[in-house]
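One structure below.
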Amino acid sequence: MSTDLMPDEACGLRERKKRETRRALNLAALDLVEEKGFGAVTTEEIAARAGVSARTFFNYFPSKEAAVLGSTAEELESYAAALEEDVPGEPPLESLRRILAGVLAPASVDRALRAKRRRILLGEPALAPALVGNNIRLENALTAALERRLGVEPGGSLEPRLTVALAIAAVRACIEHQQNGGAGRLERNIDAAFDRLAAGIR
């Protein structure tokens with residue numbers, strides 16, 4: 001009996017290996033920045049800490065900033081694809097709630113890793129431009145997806161970009177509320193914020 005993997009199984013193993021390597025690089029970057037400070041860390045050190053070559057590092061992240069943030073173009077594409085899908089009975093704002101909350105949910109993101117990433121981002125001003133750039137890329141990708149979902153020409157209506165910008169701002173406000181000692185769990189606050197948006201803020 002052959003022990004060769006079927007194509008689907010091999011694909012699944014490759015994807016799992018890629019996710020594991022990406023996570024290892026993200027963790028290594030966060031650990032090193034926490035130990036030494038962002039300016040003192042190199043991509044070679046991150047790769048070595050993760051147990052991969054420097055060349056492999058650049059197969060996953062274009063820079064050490066990207067490795068610290070941990071976000072990838074593939075993730076942006078997956079969020080956009082999820083928003084572009086028209087779920088019967090689900091308005092765009094509700095889709096955005098589901099997608100953005102899912103990114104932050106404990107089931108999909110390790111709490112300790114999330115806390116460490118936030119701590120480092122708050123303590124490293126040099127990462128601010130990369131974080132802003134990442135947020136802009138996310139907003140642009142989701143706006144384009146919502147335009148396609150609504151059948152709107154790019155830039156043909158303000159509604160898609162406004163909807164996406166409000167959704168992202170709601171999540172950011174909830175995160176900053178918690179970081180500044182605000183009450184409530186992040187997930188519940190996000191739900192409450194989207195309820196307020198759906199009802200209309202006076």
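Looking across the range 136-150, the residues that are surrounded by 15 or more Cβ atoms within 10 Å (Cβ to Cβ) and without any contact (Cβ under 8 Å) to a residue 60 or more places away in the chain come down to E139, T143, E147, L150.
Quick check: anything in the range 78-96 over 28 Å from H177 (Cα atoms) and either open to solvent by less than 40 Å² (accessible area, probe 1.4 Å) or within 16 Å of the chain's Cα centre (by Cα) (or both)? Looking through the range 78-96, at least one residue is over 28 Å from H177 (Cα atoms) and either open to solvent by less than 40 Å² (accessible area, probe 1.4 Å) or within 16 Å of the chain's Cα centre (by Cα) (or both). May I ask you to verify whether A126 is under 29 Å from A115 (Cβ atoms), part of a loop (DSSP other than H, G, I, E, B) and among the hydrophobic types (A, V, I, L, M, F, W, C)? When the stated conditions are applied, A126 does not pass them.
Quick grid of which residues meet (1) open to solvent by 90 Å² or more (accessible area, probe 1.4 Å); (2) over 19 Å from the mean Cα position of the chain (by Cα); (3) under 16 Å from R117 (Cα atoms); (4) at pLDDT 85 or above:
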site: D8; (1), (2), (3), (4): yes, yes, no, no
site: L13; (1), (2), (3), (4): no, yes, no, no
site: R23; (1), (2), (3), (4): yes, no, yes, yes
site: N26; (1), (2), (3), (4): no, no, yes, yes
site: V33; (1), (2), (3), (4): no, yes, yes, yes
site: T42; (1), (2), (3), (4): no, yes, no, yes
site: S53; (1), (2), (3), (4): no, yes, no, yes
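Scanning the range 151-190 for residues that are open to solvent by 70 Å² or more (accessible area, probe 1.4 Å) and in a helix (DSSP H, G or I) returns E159, R161, L162, L166, R172, E176, H177, Q179, R188.
The values are calculated or read from the model by the stated rules, or taken from the named source; none is laboratory data. As the structure is a computational prediction, the values presented were derived from the model and not from experiment. Here the Cβ is made from the backbone with ideal geometry for all residues, glycine too, and neighbour counts use every protein chain on show. Heavy atoms of the whole protein, side chains included, go into the accessibility calculation; ligands, DNA and RNA do not. Shrake-Rupley method; radii C 1.70, N 1.55, O 1.52, S 1.80 Å.
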